[in-house]
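As structure tokens, the structure follows; a few thoughts come after it.
The values are calculated or read from the model by the stated rules, or taken from the named source; none is laboratory data. Remember, predicted model here, so these are calculated numbers, not experimental data. Here the Cβ positions follow ideal geometry from the backbone for every residue, glycine too, while neighbour counts run over all protein chains shown.
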Amino acid sequence: MRFAETGFNLEVDLSRGNVERVATDPKDTELYLGGLGTSAKLMWDRVPPEAEPFSPENLLIFSAGLLCGTPAPGCNRTIVSTFSPQTKLLAYSMMGGFWAPELKHAGYDKVILRGKSPDLVYLWINNDKVEIRDASHLKGKGAVETADLIKKELKEPKAQVAAIGMAGENRVYFASIEQGRSSASRGGIGAVMGDKGVKAIVVRGTKDVHIAKPAEFMELCNYVLKYIKARDGNPIPGVMPILAGLGSPQEMIVHDEKWHTENFMWGNSRLRRKGFWTEEVAENWTNTMESMRTRLISCYNCPMKCGATISPPGLPTYMMKCFSKLTYTMGAMSDLEFGLRIAQSATEYGVDGFSAPQVMAFGLELLEAGILTDKDFPGMPDDNEGKFYWLLDKIVRREGIGDTLANGTHWAAEQIGNGAQEFAHNNIKKLEQLPLKLGMLNPIYFLMYSTGEKINITQIEGNFPQAPFATREEREEFVKDWPHVPDEKFKEYFVEWEQRGEKSIPYYPTPDATCEIVNWQEQMHYIDDSLGMCAGLSSFPLKPPYHIHNLPTFISSGAGIDMDKDELIQIAKRNRNLVRALNVRKGMRRADEKPPEDHWRKRFPELETELMDTYYKFKGWNSQGIPTEESLNELSLDYISKDFIQRGILKDGEDAPSGETSTEKEQK
Amino acid sequence: MEEHAVSGHKKTKTVKTIRIDVDKCNGCRACEVICSAFHASPRYSSSNSARSRIRVIHDPLRDIYVPVYAGDYSMAECAGRDKYTIDGKEYDECAFCRASCPSRDLFKEPDSGLPLKCDMCESDPSLSEPMCVQWCLADALVYEEREEEVVEEEQQEEIEIGLEAMANKHGVQKVMDTLARMTKKA
């Protein structure tokens, strides 16, 4: 018997309309756990690097994490992976909600889509019965609306639906996959779903998910709940409210937006508005939220309330979470009422809440700069808000200038030329980032932004505080109760970290310490993304209930795989290198690994080079960021090193990082 | 229901209730998860909401969240149905009903179709609160116990008289067999 996982994947060939239930190899679970890990392995084995994102060879994999469907609180994430039309690298966007546990109960760990359907279809997975059904009547329908219509059509109110809106159908490069209260948004995975001709995947399951050592597993689950309850009344002192608690940032609950509105950038990630948050704005926005928010809601088996049901007067109800609350408001330089209203359309269309507002603001900047002209915007209304509604509509329909903007700021700028590239300024690896511009380079963030395979600033943060506390006493107090650290040395790194002076950023933490900190933070993400654990209870906040010391026992008692801390760290490392290898094989090199040029005002080229060199070495990668033969083989990834040598990406016998420098020209 | 004999003809019974606050429910369904795990055999060896004796009837877009506990098995559907509208929200017929009945797939074992019924997590040693309540951090489910004083029921004697008559007619063994069979069914 398989524990926690079902041991079966659903293979769907959309070109031939064929569906198969395929047993998986338990050895792969031992090596890569599940979720992102095993999906990345499938991508490596089955998608050649030459395959274009919009090609039948590209896979689109919907995966439950290893522990989804067990009683582990907050373990409910669906990990979607494919090659991104935007970055051309691996996209592995994730969503919470209810879909992954339902898939497990239906008897599958993953749904693997390949090929292309000639007509728009949806997939109906009802335990053992799987059908590819006609979706022509759903063409152009909103993602939320689609879910509602399908549940009625099938008379299955308990089914879970992951659907795309018009943006996905029209292959907008930043199209999302929506699942009611959650969405997998980054990297344009919704566009790949649309390219495959799949409008939705609908799941209903009534089978058991088994636990290997029930008593031990439940003891841990109960601990997690108790801990969450205790933390609820005891926020971490010394940090801003948004960092003091658990869960994803509590944007649906917190009304005080002084920090976001005055420190994050408005428009196309351009303008910092000091003094914006006045009493009048506060009152106005609080009223807006309170009048539109009908309920705070959770994902499957999680006590946190990170989401909300939003009912803007006169518009259909939708669900929202986290920072999309403000991205449209700030992108359009408008107010919260506008933000919550346009987000309703954006959710139905299915677009990424980070990229979409910046792409629209970028388009208007180009108009203002004369790079685009009024002729490119025929019929656009004169009022500011109207412009954004108009642009959103054009983008998701790919009409006129919308067809260009639908490719995201990077590719649109390439197409438009004439200096437009300067305006696509907030990207990492061609993907729009959180609108944040800061003063002093932070070495930890520098490495995370540059080298993070998730290519997403918000989702790589972690368990180490973002900034030092003001006094040593506060820092000592913080580390007193910090069993989460994988090693005691992290306490010292933090205690020594000053806001000013010798031991402050950018030179402290030292490059070596910075590598350790970055490594710890990303390690936790790779574990979560394989287990389907929500980062909000594990890798994202300070002092979470799940950490490196109890996760091994969750895995051993839940999935029946013997595991200790070191073994789990080894798996995280393996998965991290596997994902990197996928991107390296796609052509990613050191020159691609950099934050937006203007992310920090004060940059330190020499230090940055040192940081990159130290980090690559620490990781066992050569100076181009390519895992060496030796480090790959040590992780039982020999098949990757062989492939790299065969392709000339690595040279046989050249294990040690070579002496190439970062100034090398970008290899394409 | 546990009954304790007290002096005289009066006795008290413990009434166990779960107070459900639909306004506080956040729809996470932790109650379903833990209920199914608690009632798995061996205990906690599996989880499956479809086997849970509590289900959250929910329709997020209409803001409907109703945790419902499995009550008695009913062989037949109701002849008539009722619909509630509360605070402008129209609830589906059967939304508040606890019965395991032919009209819906709620509260039935997914494989056998056998009815499920909430037992308030009766176990030995007994729990402080049913597991669903313990796992509901939103406090939508709150466990309450109260003692109710009841007058010892006279019918007890009638049953004895009736049983004696049955035993005289059919023999004690047969009556006992029948009772055992009935108990099993219940």
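Residue by residue, here is whether (1) within 17 Å of A:Leu336 (Cα to Cα); (2) touching a strand residue (DSSP E or B) at 6+ places or on another chain (Cβ under 7 Å); (3) aromatic (Phe, Trp, Tyr) holds:
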position	(1), (2), (3)
A:His210	no, yes, no
A:Lys229	no, no, no
A:Leu243	no, no, no
A:His255	yes, no, no
A:Lys258	yes, no, no
A:Asn287	yes, no, no
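Summed over region B:116-139, the residues that are part of a loop (DSSP other than H, G, I, E, B) and either facing another protein chain (nearest Cβ under 10 Å) or not aliphatic (A, V, I, L, M) (or both) give a count of 16. Residues that are touching a Cys at 6+ places or on another chain (Cβ under 8 Å) and at pLDDT 95 or above number at least 1 in the following helices (runs of 4 or more DSSP H) confined to region A:506-586: A:511-531. Apart from one condition, A:Pro214 fits all of (1) buried (at least 24 other Cβ atoms within 10 Å of the Cβ); (2) over 22 Å from A:Ile428 (Cα atoms); the exception is (1).
Residue by residue, here is whether (1) hydrophobic (A, V, I, L, M, F, W, C); (2) more than 24 Å from B:Thr17 (Cβ to Cβ) holds:
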position: B:Cys78; (1), (2): yes, no
position: B:Asp87; (1), (2): no, no
position: B:Glu90; (1), (2): no, yes
position: B:Arg98; (1), (2): no, no
position: B:Pro110; (1), (2): no, yes
position: B:Cys118; (1), (2): yes, no
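Taking (1) among the basic types (Lys, Arg); (2) touching an Asp or Glu at 6+ places or on another chain (Cβ under 9 Å); (3) within 30 Å of B:Arg29 (Cα to Cα) in turn, A:Arg293 satisfies each apart from (2).
Among the residues of region A:184-205 satisfying the criterion of being under 15 Å from A:Ala64 (Cα atoms) and more than 14 Å from chain B (Cβ to nearest Cβ), which is nearest to the chain's Cα centre (by Cα)?
Of the residues in region A:184-205, the ones under 15 Å from A:Ala64 (Cα atoms) are A:184, A:201-205.
Filter again for more than 14 Å from chain B (Cβ to nearest Cβ), leaving A:184, A:201-202.
Values: A:Ala184: 7, A:Ile201: 20, A:Val202: 22 Å.
My answer is A:Ala184.
Rundown of residues vs (1) crowded, with 22+ Cβ neighbours inside 10 Å; (2) among the polar types (S, T, N, Q); (3) at pLDDT 95 or above, yes/no style:
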| position | (1), (2), (3) |
| --- | --- |
| A:Ala361 | yes, no, yes |
| A:Asp376 | no, no, yes |
| A:Thr409 | yes, yes, yes |
| A:Asn418 | no, yes, yes |
| A:Leu434 | no, no, no |
| A:Ser450 | no, yes, yes |
| A:Lys454 | yes, no, no |
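Restricting A:Leu366, A:Leu340, A:Leu392, A:Leu336 to residues that are farther than 29 Å from A:Lys139 by Cβ and within 25 Å of the chain's Cα centre (by Cα) narrows the list to A:Leu336.
Within region B:105-115, restricting attention to residues that are outside any strand (DSSP E or B) and surrounded by 15 or more Cβ atoms within 10 Å (Cβ to Cβ), the residue that is farthest from the chain's Cα centre (by Cα) is B:Pro110.
Out of region B:12-33, which residues are in contact with a helix residue (DSSP H, G or I) (Cβ under 7 Å, 6 or more places away or on another chain) and closer than 18 Å to A:Arg181 by Cα?
Initially, region B:12-33 is screened for residues in contact with a helix residue (DSSP H, G or I) (Cβ under 7 Å, 6 or more places away or on another chain), giving B:18, B:27, B:29-33.
Selection gives B:Gly27, B:Arg29, B:Ala30.
Here is a check on your reading of the model: is A:Pro49 buried (at least 24 other Cβ atoms within 10 Å of the Cβ) and either part of a loop (DSSP other than H, G, I, E, B) or polar (S, T, N, Q) (or both)? Answer is no for this residue.
Looking only at strands (runs of 3 or more DSSP E) that fall completely inside region B:1-97, which ones have 1 or more residues that are more than 14 Å from B:Met120 (Cα to Cα), more than 10 Å from every other protein chain (Cβ to nearest Cβ) and in contact (Cβ under 8 Å) with a residue 40 or more places away in the chain?
Per the criteria, B:10-20, B:64-69.
Every test in (1) crowded, with 23+ Cβ neighbours inside 10 Å; (2) within 14 Å of another protein chain (Cβ to nearest Cβ) is passed by A:Asn222 save one, and that test is (1). For region A:1-31, a tally of residues being assigned to a helix (DSSP H, G or I) and surrounded by fewer than 24 Cβ atoms within 10 Å (Cβ to Cβ) returns 5.
More than 11 Å from every other protein chain (Cβ to nearest Cβ), under 19 Å from B:Ser52 (Cβ atoms) and aliphatic (A, V, I, L, M): which single residue out of A:Leu89, A:Leu103, A:Leu113 fits that description?
A:Leu103
Among the residues of region A:133-156, which ones are in contact with a Phe, Trp or Tyr (Cβ under 9 Å, 6 or more places away or on another chain) and either more than 14 Å from A:Arg204 (Cα to Cα) or among the polar types (S, T, N, Q) (or both)? Within region A:133-156, A:Arg133, A:Asp134, A:Ala135, A:Leu138, A:Gly142, A:Ala143, A:Val144, A:Thr146 meet the criteria.
Counting residues in region B:142-158 that are surrounded by 13 or more Cβ atoms within 10 Å (Cβ to Cβ) and modelled with pLDDT of 90 or more gives one or more. Could you list all residues from region A:630-651 that are among the acidic types (Asp, Glu), surrounded by 15 or more Cβ atoms within 10 Å (Cβ to Cβ) and under 19 Å from A:Arg46 (Cα atoms)? Scanning region A:630-651 gives a single hit, A:Asp643. If a residue has to be assigned to a loop (DSSP other than H, G, I, E, B) and within 19 Å of B:His58 (Cα to Cα) to count, how many in region A:157-174 make the cut? So the answer is 3.
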